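The values are calculated or read from the model by the stated rules, or taken from the named source; none is laboratory data. Please read these numbers as outputs of a predicted model, since none were measured by experiment. For neighbour counting, all protein chains shown are included, and Cβ atoms are generated from backbone atoms with ideal geometry for every residue, glycine included. Keep in mind that these areas ignore ligands, DNA and RNA; they rest on the heavy atoms of the full protein, side chains included. Shrake-Rupley method; radii C 1.70, N 1.55, O 1.52, S 1.80 Å.
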Amino acid sequence: MRYLPHTDEDIRNMFDAIGVKDFEELFITVPESCRYDKEMALPDPKTEWGLNKYMAEIRTMMKVTPEHTVLLGAGRYQHNIPSTIPSIMGRSELLTAYTPYQPEMAQGTLQGLFEYQTLTARLLGVDVANASMYDGASALAEALLMGLRIGKKKKRVAMSAAIHPHFREVVRTYFHPTEFEIVELPFLENGRTDFSSLSGEDDFAAVALQSPNFFGVVEEMEAAAEAIHQAGALFVAGFSEPLAFGLLKNPGDEGADIVCGEGQSFGMPESFGGPGLGMFGCKKKYVRNLPGRLVGETTDLDGNRGYVLTLATREQHIRREKATSNICSNQGICTLTAAMYMASLGGTGLRKLARLNYDRSEYLKQGLEEAGASVCFSSPTFNEFVVEFKDDFRPVQKRLMEQKIVAGLDLAKYYPGFDNRYLFCVTETASKEVLDTVISEVKK
Amino acid sequence: MKNGPGRSGLIMDEPLLWEKGKKGRNGMSIPESDVPAAALADELCGEGPDFPDLSEVEVVRHYTRLSQWNFGVDTGMYPLGSCTMKYNPKINEKHAGAEEITSAHPLLDDEYCQGTLRIIYELQNFLAEITGLDAVSVQPAAGAHGELAGMLIFDAYHQNKGKKRSKILMPDTAHGTNPASAALCGYKPVPIKSGERGILDVEQIRELMDEETAGIMITNPNTLGLFEENIREIAEIVHEKGGLVYGDGANMNAIMGIVDLKKCGVDVLHLNLHKTFSTPHGGGGPGAGPVCVVEELKKFLPSPRVDFDGSTYKQVEDTASIGRMHGFHGNYGVLVRAFCYILTMGAEYLEKASQYAVLNASYVKVKLKDHLHLAYDRPCMHEAVFSDKNQQENNVSTLDIAKRLMDCGYHPPTIYFPLVVPGAIMIEPTETESLEELDTFIEVVKKIVKEAETDPDLLHNSPSRFKVKRLDETQAARNPCLCG
């Protein structure tokens, strides 16, 4: 077995040195009653070539292939990824390192994370960003818990019903054993969150909106910030498509106190939903309540600049049950990937790409409307939008699938009364030709 | 006497990203627009972030230079206790990166993604078989996330029985994530001191376990590298009072094919696929922390899970489930790597991996115990815990020893953990290190122990062969600079 270097002779020599005669004696402290008393029923060990064959067979079971254009978004986006990213991020010095607890031999990871924190803070308009959370959904749950820590005695939070349904489910999972109450804010006919019920309230610790929201609708963030702050609550701004902030105002500038969302769009493939990363930042005054890992700048014995993990007194390995979160890792290589992607695009590129995404999605939106579908929400959208078809859309969807286009997410199972409503997502991977095909199939 | 592989190398300086580049450069292709520019209200438009503009070459050199300041498992021995820094096979990267897998959108209907669902289904079964437990969810994104899933299952179980419980038993050797995960579920940790032999004492559990207590969290083998020999008896006591037993599977690498967790009385267990199942740690993540349970708790597992009816794989949700832990299926790419590892190893080599992991740790323990103070001189599992007790008279600390090891070409062991051993030095070689590697490492540690007597300042001034010398962590925390 190529991963296990010991020869029989090595093993005998080691037994002698230890003073045991066999493996049985090495495991002498494991009582008989705890023993695995049969052979594990697993497939026989495979050679590299045998594994390749097995995995190739599994790959043929995928009906949606890399040749398909995927017009589904909803928290996972098909974007172009330059080959520089997998090539450099596959370097084993970065990939096979552990958490940088020994900073002198992990300056690569540490400087990379510091750069990520900085670019993310600039993107989101916050003072501080952490080195990432597991994903956008768990980041939202952590953001609301953070709001409750800051809100001290308050026991309620509110979140918009236009936040990604899975993200809301994760929040409910996290909150289930706690004493905290979650209130859902409905959305208006224009697809934006109705925060009118906040007026007169004063016991919400935090209120969460997502923008662009699950329907792709850009929320009225400044008005929301005012209403939320008037109610004495912290404004948690979520997102699932960070590319939007290349074009739109960022949530920090619009008054958000905590900003969190999914960062998969920045250089990571869909990969059936993971790994991506939870981007997470806040205003400076809340930094001691921030969950997750942070990298800070410092100097070495000679006064040279260097980076270390810092403010660990918030974290579980020091504070144990009083920690700001139980999180003990970040998304590591995904975090550096996001930073490398932001660096590759640059400010100019990010704007250009966001604009292209916007223009192409508007093109499809308009085309579908002309083809007879109705756009459900009148508010401006980014990348994603919801349309309702007069007739059953499924036969059209099937025809498009045969032309290698995955068109639209059926929203009926997410929202009652959303029959025949579909969420479309258009990114730079969808050419005009593909979009025209969709439009003409709908017209048929 | 052998020296370690440490030498000084060619170290290139590299500024921060925004200290280089020029406006107007770009590092990746962007398609030209083929559609008309759409209208967009001015009040929605921002200025776009202040990012530097860099060319492709600038970006590639930047990250290549950064990578050269890092030490990974591929660089050398990484005996970081409790972290299981074993070799990460390259072939697994290839399969996780295959386009059919990476291009799969998680909201495709089941019929379009049978392949990705099959991997989840088979992995669920493999992990159940390896642990001896009955059902698995692969959704948790890391070990601590799996622990949280486990505590949510505890809570759901007790609420289902009609009574929420308020406390949980917590050995003092536990990872910090254990009490933090339990606290998220409103459980107050009741600390348990390890007994004289470094393992849990049955009588103490009997005294503390009551009907207000949800159960116990046990890491086995524990963080001292010792097998909790009384686990069955402890489980019986906990079960008698209506509690559940949580197994922290962080140290599963010592016991595959050797210990049956169900027979030990464990009800819920999380695994760290990035430790035991060889997926790369990525400088901190992504990991994966599947949670495994006995049949009775299956209905509470996070959803969706994947089932197979003999012809089709499908996503299923149980109404009693604690719900979703993650936006989609967890860190799926990590699952694929672990799946490939298990297929490569099979039952035979997984068991050998555990045997060799214990063999390697036992060998290091025996060879070093006359040189470094050994906290508990008992048969160890996959790791051995030493301390700086013998070096204190020369004013040399665990930290100094760790930093000197770096100059000699090794990543240091885990230090100052577990907390119950002051100045702990926790060595976990893993099974993928050869006898020659171990011997060289042992010789180097012996040399450093001598240096601690003859030249303590050499240790105090270490490391000296890296881009930076010892970094001031106090300054970083006092005046946090978290953003450039």
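Can you tell me which condition A:ASN289 does not meet? The list is (1) surrounded by 24 or more Cβ atoms within 10 Å (Cβ to Cβ); (2) touching a Ser or Thr at 6+ places or on another chain (Cβ under 7 Å); (3) not basic (Lys, Arg), and all the others hold.
So the condition that A:ASN289 fails would be (1).
Check the stretch B:166-175 and report whether any residue there is at the interface with chain A (Cβ under 7 Å from one of its Cβ atoms) and either crowded, with 23+ Cβ neighbours inside 10 Å or among the acidic types (Asp, Glu) (or both). Steps first, please.
Residues of the stretch B:166-175 at the interface with chain A (Cβ under 7 Å from one of its Cβ atoms): none.
Among the residues of the stretch B:166-175, not one is at the interface with chain A (Cβ under 7 Å from one of its Cβ atoms) and either crowded, with 23+ Cβ neighbours inside 10 Å or among the acidic types (Asp, Glu) (or both), which makes the answer no.
Only one of B:GLU431, B:GLU453, B:GLU443 is open to solvent by less than 40 Å² (accessible area, probe 1.4 Å) and in contact (Cβ under 8 Å) with a residue 24 or more places away in the chain; which? Lay out the reasoning, then the answer.
On the way: B:GLU453 fails: open to solvent by less than 40 Å² (accessible area, probe 1.4 Å); B:GLU443 fails: open to solvent by less than 40 Å² (accessible area, probe 1.4 Å).
Only one candidate qualifies: B:GLU431.
Can you tell me which of B:LYS241, B:LYS298, B:LYS263 is within 12 Å of chain A (Cβ to nearest Cβ) and in contact with a strand residue (DSSP E or B) (Cβ under 8 Å, 6 or more places away or on another chain)? Let's see the steps before the verdict.
Details: B:LYS241 fails: within 12 Å of chain A (Cβ to nearest Cβ); B:LYS298 fails: within 12 Å of chain A (Cβ to nearest Cβ).
The match here is B:LYS263.
Take the stretch A:53-62 and flag every residue that is open to solvent by 30 Å² or more (accessible area, probe 1.4 Å) and either in contact (Cβ under 8 Å) with a residue 60 or more places away in the chain or of a type in the set (A, V, I, L, M, F, W, C) (or both). Talk me through it step by step, then tell me what you get.
Initially, the stretch A:53-62 is screened for residues open to solvent by 30 Å² or more (accessible area, probe 1.4 Å), giving A:53-54, A:56-57, A:59-61.
The answer is A:ALA56, A:MET61.
Inside the stretch A:222-244, can you point out the residues that are open to solvent by less than 10 Å² (accessible area, probe 1.4 Å) and either hydrophobic (A, V, I, L, M, F, W, C) or free of Cβ contacts under 8 Å to residues at least 60 places away in the same chain (or both)?
The answer is A:ALA224, A:ALA225, A:ILE228, A:ALA231, A:ALA233, A:PHE235, A:VAL236, A:ALA237, A:PHE239, A:LEU243, A:ALA244.
Of the residues A:SER440, A:SER378, which is surrounded by fewer than 16 Cβ atoms within 10 Å (Cβ to Cβ), in a loop (DSSP other than H, G, I, E, B), of a type outside the set (A, V, I, L, M, F, W, C) and modelled with pLDDT of 95 or more?
Details: A:SER440 fails: in a loop (DSSP other than H, G, I, E, B).
On inspection, the qualifying residue turns out to be A:SER378.
Please pick out the residue among A:THR313, A:THR337 that is more than 7 Å from every other protein chain (Cβ to nearest Cβ), assigned to a helix (DSSP H, G or I), within 30 Å of B:LEU148 (Cα to Cα) and modelled with pLDDT under 95.
A:THR313
Filter the stretch A:69-110 down to residues that are in contact with a Leu (Cβ under 7 Å, 6 or more places away or on another chain), within 7 Å of another protein chain (Cβ to nearest Cβ) and over 30 Å from A:PHE215 (Cβ atoms) and give me whichever is most open to solvent (accessible area, probe 1.4 Å).
Per the criteria, the residue is A:TYR98.
Restrict the check to the stretch B:424-432 and report whether at least one residue is among the polar types (S, T, N, Q) and outside any helix (DSSP H, G or I). Can you show your working first?
Residues of the stretch B:424-432 that are among the polar types (S, T, N, Q), as a first pass: B:430, B:432.
Now restrict to residues that are outside any helix (DSSP H, G or I): B:430, B:432.
Yes, the stretch B:424-432 contains a residue that is among the polar types (S, T, N, Q) and outside any helix (DSSP H, G or I).
When you check B:ASP50 against the structure, is it more than 7 Å from chain A (Cβ to nearest Cβ), open to solvent by 10 Å² or more (accessible area, probe 1.4 Å) and acidic (Asp, Glu), yes or no?
Judged against the criteria, B:ASP50 is not a match.
Please count how many residues of the stretch A:319-333 are part of a helix (DSSP H, G or I) and more than 7 Å from every other protein chain (Cβ to nearest Cβ).
Quick first cut of the stretch A:319-333, residues part of a helix (DSSP H, G or I) only: A:319-322, A:333.
Remaining after also requiring more than 7 Å from every other protein chain (Cβ to nearest Cβ): A:319, A:322.
Qualifying residue count for the region: 2.
Considering only the stretch A:249-263, how many residues are in contact with a Pro (Cβ under 7 Å, 6 or more places away or on another chain) and of a type in the set (Gly, Ala, Ser)?
Matching residues across the stretch A:249-263 total 2.
Quick check on B:PRO191: is it touching a His at 6+ places or on another chain (Cβ under 9 Å) and within 29 Å of A:THR99 (Cα to Cα)? If you could, list the steps in order and put the result at the bottom.
Details: touching a His at 6+ places or on another chain (Cβ under 9 Å): no; within 29 Å of A:THR99 (Cα to Cα): yes.
Spelling it out, it is not the case that B:PRO191 is touching a His at 6+ places or on another chain (Cβ under 9 Å) and within 29 Å of A:THR99 (Cα to Cα).
Do we find a residue being within 12 Å of another protein chain (Cβ to nearest Cβ) and modelled with pLDDT under 95 anywhere in the stretch B:156-165?
Taking every residue of the stretch B:156-165 in turn, at least one turns out to be within 12 Å of another protein chain (Cβ to nearest Cβ) and modelled with pLDDT under 95.
In the set B:GLY323, B:GLY346, B:GLY333, which member is in a loop (DSSP other than H, G, I, E, B) and either out of contact with any helix residue (DSSP H, G or I) (no Cβ under 6 Å at 6 or more places or on another chain) or farther than 13 Å from B:ARG118 by Cα (or both)? If you could, list the steps in order and put the result at the bottom.
Numbers: B:GLY346 fails: in a loop (DSSP other than H, G, I, E, B); B:GLY333 fails: in a loop (DSSP other than H, G, I, E, B).
Sole residue among the options that is in a loop (DSSP other than H, G, I, E, B) and either out of contact with any helix residue (DSSP H, G or I) (no Cβ under 6 Å at 6 or more places or on another chain) or farther than 13 Å from B:ARG118 by Cα (or both): B:GLY323.
Looking at this structure, is B:PHE466 of a type in the set (Phe, Trp, Tyr), more than 7 Å from chain A (Cβ to nearest Cβ), closer than 30 Å to B:PRO89 by Cβ and surrounded by 23 or more Cβ atoms within 10 Å (Cβ to Cβ)? Walk me through how you get there before you give the answer.
On the way: of a type in the set (Phe, Trp, Tyr): yes; more than 7 Å from chain A (Cβ to nearest Cβ): no; closer than 30 Å to B:PRO89 by Cβ: yes; surrounded by 23 or more Cβ atoms within 10 Å (Cβ to Cβ): yes.
The answer is no for B:PHE466.
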